[in-house]
Structure formats: structure tokens, C-alpha cells
Amino acid sequence: MEKKKLLLDCDEVICFSGFLEAVNEFLGANYVIDDFSDYYIDEAVIPAERMDEFNKFINGRNMYENAHILPGAIDAIKLLSEEYDIYILSSCVNPLDVNGSGRMFSDKYNFLIQTLPFIKPGNFIFTSAKHLFKADVKIDDRMPNFDGDEVEVKILFPSYHNKDVTDEELRSKGVIRAGYDWRNGWNEVLKILLTRNSELTRKGR
């Protein structure tokens, strides 16, 4: 039987990149990820007049060299890969450094092949136009990435920046919230998907 297709985001779903560490190093600060509620943490704490300086500071830095894997992510993805054909759907463009974004494609690709060796590299899709891709399941941490989707099951992975998404917003796009704490997000994802698979199996008998 053909596997169902699952589109899986990378940043803030599989891992936190080293971006926060770069911000802390640049500012001489000690922020932790839960200090933020805005997605773009650099815009939240770096003065606008220093943004060019910051972009030069991170130029050439591999943000995935010491990425932090989210708790349970690898085991959960490996388990899901037995039932789903998983595609990594992730952007590699920094809107504040478009010209320097090319290196991110290479860095993220190398991170993924090392971290998820059980997923074929041909299943890595690097794009910001996520709405163009159809699948049975989509997991992402940003609500705008569910716009225009033709996806049966949409799961919002919990992150520091999406805690305030309302139930009404979720219902309007048919999105399921996988809890509120990124530390437990993958346990919640497995509960959602494995339960649904069990229901579908029973109905198919």
C-alpha cells in the first residue's frame, strides 16, 4: 500500500538553529528562546541601526553546525517514516540577507542528511512557497504556512512565537494544535497522527 505523504518543516520543528546563540554573542546577552514571542528574534532585540552590522557578523556562519534537536524529534520522525513518505519542506532564504542566503541551502542540507539519514535527500524541498505542495499531512510552526493548503491534516507545532494563536484562527484554517510547549510537541504530534491512523485502519476493515 502506498504511504501517505507528510510535509515537515525544519526550523523550530525539528531543531532550533544556532541563530539565538549568534544574537546573544553579538549583543553580549543571555536570552533563551522562551524570552521571545515574535518569530524574528533578531528584529525583536537588535536595534535597526545595527542590523547591517549583525548581518555582516553572521555572514559565513553555519547556523546548523550546533543546532539543538527538539526533544523526541528524531525518534518520532523515524517512527512516522514507517507509515508516511516524509518530505522536508523548509525555507532557506533570510529576508534580511537575501544575497547571502545561498550558503543556508548547503548548511541545512548537510544538517538534514546527517540528522535524518533514513529520509531520502531527494525528499528535501527548499522553498518559501509552501502552499504549492499537496500532501496528506503537514506539520509547521507558522500559521501563514497553512494558507491555501490542500492538506487533509494540518498540525501546528508549538513554539515560542505561536502560543497566542487563537482557537478561532485554528478552526478557520482547519489546523490542529500539538499542545503549547515545544518540549513536548513531538509527543503530541504522535498522539494526533497515530490515533488518526488507528481510526483509519479500523474504518478500512
Tell me, which residue of region 62-75 that is in a loop (DSSP other than H, G, I, E, B) and free of Cβ contacts under 8 Å to residues at least 60 places away in the same chain is farthest from K191 (Cα to Cα)? N62
Conditions first: (1) modelled with pLDDT of 95 or more; (2) outside any loop (DSSP other than H, G, I, E, B). P144 passes all but one, so which condition is the exception? (1)
Looking only at region 112-124, decide whether some residue is touching a strand residue (DSSP E or B) at 6+ places or on another chain (Cβ under 9 Å) and part of a strand (DSSP E or B). yes
For the list (1) outside any loop (DSSP other than H, G, I, E, B); (2) more than 15 Å from D9 (Cα to Cα); (3) under 13 Å from the mean Cα position of the chain (by Cα), I need the number of the one condition that K138 fails. (2)
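Please verify whether N30 is in a helix (DSSP H, G or I) and either crowded, with 19+ Cβ neighbours inside 10 Å or not β-branched (V, I, T) (or both), treating the condition exactly as stated. Walk me through how you get there before you give the answer.
Values: in a helix (DSSP H, G or I): no; either crowded, with 19+ Cβ neighbours inside 10 Å or not β-branched (V, I, T) (or both): yes.
No, not satisfied.
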In the set K138, K163, K154, K173, the lone residue that is over 21 Å from L70 (Cα atoms) and either of a type in the set (A, V, I, L, M) or in contact (Cβ under 8 Å) with a residue 12 or more places away in the chain (or both) is K173
Cβ pairs under 9 Å, 6+ apart or interchain, first in region 179-205 and within 15 Å of V153 (Cβ to Cβ) and surrounded by 15 or more Cβ atoms within 10 Å (Cβ to Cβ), second at pLDDT 95 or above and acidic (D, E), ordered by first then second residue, are E188/D181
Among the listed residues I46, I14, which satisfies the condition of being among the β-branched types (V, I, T) and touching a residue at least 40 places away in the same chain (Cβ under 8 Å)? I14
Residues in region 11-18: is at least one under 15 Å from the mean Cα position of the chain (by Cα), at pLDDT 95 or above, within 18 Å of K108 (Cα to Cα) and surrounded by fewer than 18 Cβ atoms within 10 Å (Cβ to Cβ)? no
Filtering region 76-105 for residues that are part of a helix (DSSP H, G or I) and touching a residue at least 60 places away in the same chain (Cβ under 8 Å) leaves a count of 4
Quick check, is M51 in contact with an Asp or Glu (Cβ under 9 Å, 6 or more places away or on another chain), over 21 Å from G185 (Cα atoms), surrounded by 19 or more Cβ atoms within 10 Å (Cβ to Cβ) and at pLDDT below 95? no
Step by step: first the residues of region 75-90, then only those that are β-branched (V, I, T) and touching a helix residue (DSSP H, G or I) at 6+ places or on another chain (Cβ under 7 Å), then the one that is surrounded by the most Cβ atoms within 10 Å (Cβ to Cβ). Which residue is that? I86
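Mind checking which residues of region 106-132 are touching a residue at least 12 places away in the same chain (Cβ under 8 Å), exposed (fewer than 14 other Cβ atoms within 10 Å of the Cβ) and among the hydrophobic types (A, V, I, L, M, F, W, C)? Talk me through it step by step, then tell me what you get.
At the first step, the residues of region 106-132 found to be touching a residue at least 12 places away in the same chain (Cβ under 8 Å) are 107-112, 115-116, 118-119, 121, 123-128, 130-131.
Narrowing further to those that are exposed (fewer than 14 other Cβ atoms within 10 Å of the Cβ): 110, 118, 121, 127-128.
Within region 106-132, F118 is the sole residue that qualifies.
Across region 33-44, which residue is farthest from Y160 (Cα to Cα) among those that are of a type outside the set (S, T, Y) and surrounded by 16 or more Cβ atoms within 10 Å (Cβ to Cβ)?
Within region 33-44, the subset of a type outside the set (S, T, Y) is 33-36, 38, 41-44.
Checking which are surrounded by 16 or more Cβ atoms within 10 Å (Cβ to Cβ) leaves us with 36, 41-42.
Working: F36: 6, I41: 10, D42: 14 Å.
Filtering first and then ranking leaves D42.
The values are calculated or read from the model by the stated rules, or taken from the named source; none is laboratory data. Here the structure is a predicted model, which is why all the values come from computation and not from measurement. Neighbour counts run over all protein chains shown; Cβ positions are idealised from the backbone, glycine included.
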